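Worksheet: the structure to be examined is printed underneath.
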Amino acid sequence: MIKNKPHAKKKFRFLLDSAFAQPPAFPKLRKKANLAHAVYDLNLSTQAEDEEIYQKATEENRLVLTINFKDFKKLIKKNRTGIFGIESQLSNEKIDSKVTNFISGKNPDEFWGKATKVK
């Protein structure tokens, strides 16, 4: 008897804020989520304002991953994209592990319109 495969979990789609390294720096996270970088993938300026990054993430149906949690938190609107904040002093390896572990088993839809601190 062949068992049906469980439905594939919905993948997280992140927009990395301009402060982050390019997606290849986060190999674990790339396996679990679709990553795009604000500057390298979406051609935003390195000086892009938070509002512009948030707007682009909304258009692209992506959650923002940022170290600038306090400022992005002010931009959150109901039924618009959400943000994930992470500490700024972490290495790319630590960011990769922390965010990957945090999102494991979770549904990205639960984070829409919310500001979430990744601890």
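Checking each residue in segment 5-25 for being exposed (fewer than 13 other Cβ atoms within 10 Å of the Cβ) and without any contact (Cβ under 8 Å) to a residue 24 or more places away in the chain picks out 5, 6, 7, 8, 24. Within segment 26-82, the set of residues being surrounded by 13 or more Cβ atoms within 10 Å (Cβ to Cβ) and of a type in the set (D, E, K, R) comprises 28, 30, 32, 41, 50, 52, 56, 60, 62, 71, 73, 80.
The C-beta contact set for segment 94-110 (first residue modelled with pLDDT of 95 or more, second residue β-branched (Val, Ile, Thr), distance under 8 angstrom, 6+ apart or interchain) comprises 95/86; 98/86; 98/118; 99/86; 99/118; 102/118.
The values are calculated or read from the model by the stated rules, or taken from the named source; none is laboratory data. Fair warning: this is a prediction, and the values are worked out from it, not measured in the lab. Cβ sites come from the backbone with ideal geometry, for glycine too, and all protein chains shown count toward neighbours.
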